[in-house]
Every structure is written in structure tokens, then in C-alpha cells.
Amino acid sequence: MTIARLGRAWGNRGGLAAVPLTSRPERFQQLGEVFLFREGKPVGVGGFQVESVREHARAWIFKFRGVDTISDAELMEHAEVRIPIAQRLAVEEGEHYVSDLMGCEVKERNTGSLVGVVTGWQEAGGVGLLEIGEGDGKLLVPFARSICVEVDTRAKRILVVLPEGLKDLNCT
């Protein structure tokens with residue numbers, strides 16, 4: 001599970017600025033071993049031990065054990081920081097991991113008709129958007145409680161009440 005995206009090297013001691021991809025970045029303080037991926041492929045062999053993480057001006061600065069120079073850190077730039085699924089935090093009622101939404105069947109609550117399958121996610125500056133379908137028929141559906149009225153990630157099912165005209169408005 002991806003929890004952060006590394007940016008550029010920060011400082012001269014091997015730190016890397018990172019953007020959190022979690023609603024609870026304070027958990028970074030307890031990280032041990034993490035795995036780095038760039039373009040879906042592992043960076044290095046095995047995991048990396050997190051030496052320290054601190055918040056700095058809307059970013060988080062990651063320091064990994066054995067990464068002590070700018071040159072070392074540059075090799076890790078733009079990688080995703082991932083942890084095993086078993087280590088993710090439990091979510092509260094009504095919250096869901098984006099990764100758990102992928103592959104969910106989306107059906108209209110009132111008719112039972114299939115809208116499609118969740119294939120992606122977009123941040124929209126407030127409520128996120130579910131990407132349903134692929135290619136020219138992709139539909140963007142706001143992940144709002146008033147629209148996604150029942151979400152069961154274990155059953156891989158989302159029931160929706162789509163606002164009138166939504167399908168016509170944003171099918172790409």
C-alpha cells in the first residue's frame with residue numbers, strides 16, 4: 001500500500017521530501033521497514049529502514065538508514081513509499097482505503113442496473129472521484145455519501161444514487 005510519494009533530495013544528509021498519500025501522516029513516526037517503487041518496479045533490493053521522519057512546511061522529510069548523502073538520496077527521488085497491506089491502520093466507520101475500492105462493482109440502488117467497475121481514483125480538491133470503466137466510456141462519480149449510499153468493500157459492491165444527468169455530463 002502506497003503511503004507517500006518521495007520528491008527531491010532535501011538537505012545534504014540524505015533526506016527526501018515527501019507528499020503524504022494518507023489521511024494520517026502522523027503514523028510516519030512509527031514506520032520501520034518500507035519498500036520503494038518507481039513506475040511499478042522496486043527501487044533497490046529489499047526494504048529500507050526508516051531512520052526518521054519529520055514534518056517541514058507541508059511536506060514530510062524522510063531519512064533512510066544508510067542514505068547519507070545527496071547523491072544517495074537522488075537515487076530514490078520520485079519513488080512511492082509502500083508498506084505491506086497487513087501493516088495499514090484500521091479505518092473508522094465510513095472511511096475506506098482507495099485500494100479497497102478498486103474492482104468494486106457499482107450498481108444503481110433504485111434499479112439494480114450495473115454502472116460499471118471502479119478502475120481508478122482522482123483527487124478533486126474536496127470529495128474524491130471514482131473512475132468507473134475505462135477508455136471512452138469512463139464515468140467520474142463523486143465519492144460522496146449522498147451519491148455512494150452503500151459501500152461494502154468486502155463484497156466489492158457500491159450502491160449509488162446518481163444525480164440526474166451525471167452520466168451524460170462526464171462520460172469521456
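Of all residues assigned to region 19-32, none qualifies as being out of contact with any Leu (no Cβ under 6 Å at 6 or more places or on another chain) and modelled with pLDDT of 95 or more. Among the numbered conditions (1) open to solvent by 40 Å² or more (accessible area, probe 1.4 Å); (2) farther than 17 Å from Val160 by Cα; (3) touching a Gly at 6+ places or on another chain (Cβ under 7 Å); (4) not hydroxyl-bearing (Ser, Thr, Tyr), the only one that Trp121 does not meet is (2). Filtered by the rule that a residue be of a type outside the set (D, E, K, R), outside any strand (DSSP E or B) and modelled with pLDDT of 85 or more, region 100-126 gives Leu101, Met102, Gly103, Cys104, Asn110, Thr111, Gly112, Ser113. For region 1-32, filtering for residues that are outside any loop (DSSP other than H, G, I, E, B) and either farther than 19 Å from Pro84 by Cβ or open to solvent by 90 Å² or more (accessible area, probe 1.4 Å) (or both) leaves 12.
Does any residue of region 157-170 turn out to be surrounded by 10 or more Cβ atoms within 10 Å (Cβ to Cβ) and under 21 Å from the mean Cα position of the chain (by Cα)? Yes: one or more hits. One residue stands out among those in region 47-83 that are open to solvent by 50 Å² or more (accessible area, probe 1.4 Å) and assigned to a loop (DSSP other than H, G, I, E, B): the one that is modelled with the lowest pLDDT, which is Arg58. The residues on offer are Ala9, Ala4, and the sole one that is touching a Leu at 6+ places or on another chain (Cβ under 7 Å), of a type in the set (A, V, I, L, M) and within 30 Å of Glu134 (Cβ to Cβ) is Ala4. All of (1) of a type outside the set (Phe, Trp, Tyr); (2) assigned to a strand (DSSP E or B); (3) loosely packed, with under 12 Cβ neighbours inside 10 Å hold for Gly94 with one exception: (2).
Here Gly44 does not fit the description of being of a type outside the set (Phe, Trp, Tyr), touching a strand residue (DSSP E or B) at 6+ places or on another chain (Cβ under 7 Å), on the phi > 0 side of the Ramachandran plot and assigned to a strand (DSSP E or B).
The values are calculated or read from the model by the stated rules, or taken from the named source; none is laboratory data. All figures in this text were calculated on a predicted structure; none of them were measured in a lab. Cβ atoms come from the backbone with ideal geometry, glycine included; neighbour counts cover every protein chain shown. Heavy atoms of the whole protein, side chains included, go into the accessibility calculation; ligands, DNA and RNA do not. Shrake-Rupley method; radii C 1.70, N 1.55, O 1.52, S 1.80 Å.
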